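*Asks:* One structure coming up, written as structure tokens, with questions to follow.
Derivation of every value follows stated rules applied to the coordinates shown; laboratory data play no part. Here the structure is a predicted model, which means the values were calculated and not measured. When we count neighbours, we look across all protein chains shown, and the Cβ atoms used for this are built from the backbone with ideal geometry, even at glycine.
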């Protein structure tokens, strides 16, 4: 990770009229049109050199009738992460 980045222990993100609490171990998911379930497990939250919060996560893809796979770590800006992963899937 770049030394200009600052690790955050957790953060909040406003989604509609509620706040989402994001911390390592939190899980969020996205269900694709083909019924593939993409589940993101948060590994950490950090702010980049410009102060923009990002989520570092690993992802598990599960597909109907096909073996799934795991990938990561990946990183997305917090806003983009929540635009893609629409719902909470639980916490560790």
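*Asks:* Give the peptides 59-67, 81-89 in descending order of average Cβ contacts within 10 Å, highest first.
*Replies:* Details: 59-67: 12.3, 81-89: 15.3.
Final packing ranking: 81-89, 59-67.
*Asks:* Tell me, 28, 50 in order of fewest to most beta-carbon neighbours within 10 Å?
*Replies:* Working: 28 23, 50 6.
Fewest-to-most Cβ neighbours within 10 Å comes out as 50, 28.
*Asks:* How would you rank 57, 69, going from fewest to most other Cβ atoms within 10 Å of each one's own Cβ? Intermediate results must be reported in sequence, preceding the final value.
*Replies:* On the way: 57 24, 69 10.
Ranking 57, 69 by Cβ neighbours within 10 Å, fewest first, gives 69, 57.
*Asks:* Can I ask one more? If the label point is 7 Å along Cα→Cβ of residue 61, which residues in the range 20-40 have backbone nitrogen under 16 Å from it?
*Replies:* The answer is 29-40, whose backbone nitrogens lie closer than 16 Å to the label point.
*Asks:* Another question about this same structure. Counting other beta carbons within 10 Å of each Cβ, put 75, 41 in order, fewest first.
*Replies:* So the ranking, lowest neighbour count to highest, is 75, 41.
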